[in-house]
Amino acid sequence: MVRTVDIKPPLVAAKPLGTGTNGELRPSALIFLILLWLSLLVAFGVLVTLLITIFLEGQNKLTMDLITNFPASTPDGAGARPAILGSIWVIITTAVLSIPIGIAAAVHLEEFADNRKWYNRLVELNVQNLAAVPSIVYGLLALAFLALLGVGDTNIVIGGAFALTLLILPVIIISTREALRGVPREIRDGSLALGATEWQTTWRQTLPAAVPGIATGSILALSRALGEAAPLLVLGALVYITFDPNGLLSGYTTLPIQIFNWTGRPQEGFHELAAATSVLLLVVLLLMNGLAIFIRNKFQKRW
């Protein structure tokens, strides 16, 4: 009978954390961490300085006249009423166009499309790439599409909403797919085991469970669209109007375009109006982002 003897390898003393090859306390790691925090502090300082400067410059114009009055040739008594109403018209139309299409596309890609098919993978790749395309490209695309349809006057509400829909549609699709992926597979399997079809499972189980994530992504996408000016300028959006937009075929302007117009004027009063309008736009964007955070924290489920 042959006896086997287990020979254990000799124990190697562990190196100190600060000198290890993967230690977090290495000098290079500490230098990188310090540089990272310095970069964050510099960026945050610049942002705070910019916000304070804008507020101080425009505080004298933060009155009801800014909301209720029309633009004028002189800065005294001028307001941004058409821009406010135009932004409301454009954003509501954009939401109506983009949210249903984005959710439907995300549901198809995530729940029903066969990822083994090359054309489905191609669509997914294009959606991911389109989310990073500069916004002015969408303005050019919308301009070309409207010209192809024979639309001569492109500076209308529906034209601007179409350009912004193209801009935020990939973002809505990606955020909706992430929300759907967050729903546990067990919910789908349980619904299917009880006799529900795939469509019934998606409509009655998966989509309701993903609503908080879908709403959050859609609101953040719309807040991005609210602050865009480049694609609308490409479509010929008016920079100076003295009437209220009253329909989808009406001329319009928006808050970013109005700010762009006033900053190009030589009078100091118009610069103050631009700063005050910027503060108003920032407040609206903060409210939209706050609403998205509230919906996420209030209705998000922990699985």
*Ranking of 270, 299 by count of other Cβ atoms within 10 Å, fewest first*: 299, 270
*Positive-pole candidate from 75, 293, 275, dipole of the stretch 64-299, charges at beta carbon*: 293
*asked:* Taking the 0 to 90 degree range and rounding to the nearest ten, how far is the long axis of helix 81-107 tilted relative to the main principal axis of the chain, both from C-alpha atoms?
replied: 30
*Can you tell me the order of 243-249, 72-78, 254-260 when each peptide is scored by its average per-residue count of other Cβ atoms within 10 angstrom, highest first?*
254-260, 243-249, 72-78
*From the backbone phi of the stretch 133-144, what are the Karplus-calculated ³J(HN,Hα) couplings (6.51 cos²θ - 1.76 cosθ + 1.60, θ = phi - 60°) in whole Hz, Gly and Pro given as x?*
6, x, 5, 5, 5, 5, x, 5, 5, 5, 4, 5
*Could the peptides 136-146, 288-298, 188-198, 220-230 be put in order, highest first, of the mean number of other beta-carbon atoms found within 10 Å of their residues?*
220-230, 136-146, 288-298, 188-198
*Given the rule -39500 (n - 2.57) for each run of at least 4 DSSP H residues, summed and divided by the residues of the chain, what is its mean residue ellipticity at 222 nm, to the nearest 500 deg cm²/dmol?*
-21500 deg cm²/dmol
*Just add up the charged neighbours of residue 205: K/R +1, D/E -1, any other residue whose Cβ is under 15 Å from the Cβ of residue 205.*
0
_Total charge dipole magnitude, the stretch 211-303, about the Cα centre, Cβ charges on Lys, Arg, Asp, Glu only, Debye to nearest 20_ = 660
*Where does the stretch 113-246 land on the Kirkwood hydrodynamic radius, alpha-carbon pairs, in angstrom?*
17.3
*Sort 37, 89, 118 so that the residue with the fewest other Cβ atoms within 10 Å of its own Cβ comes first and the one with the most comes last.*
118, 37, 89
*What does the chain give for Rg and for Dmax, in Å, if only its C-alpha atoms count?*
26.6, 108
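Since every read-out is calculated from the coordinates, none of them should be taken as a lab result. Here the structure is a predicted model, which is why all the values come from computation and not from measurement. Cβ atoms come from the backbone with ideal geometry, glycine included; neighbour counts cover every protein chain shown.
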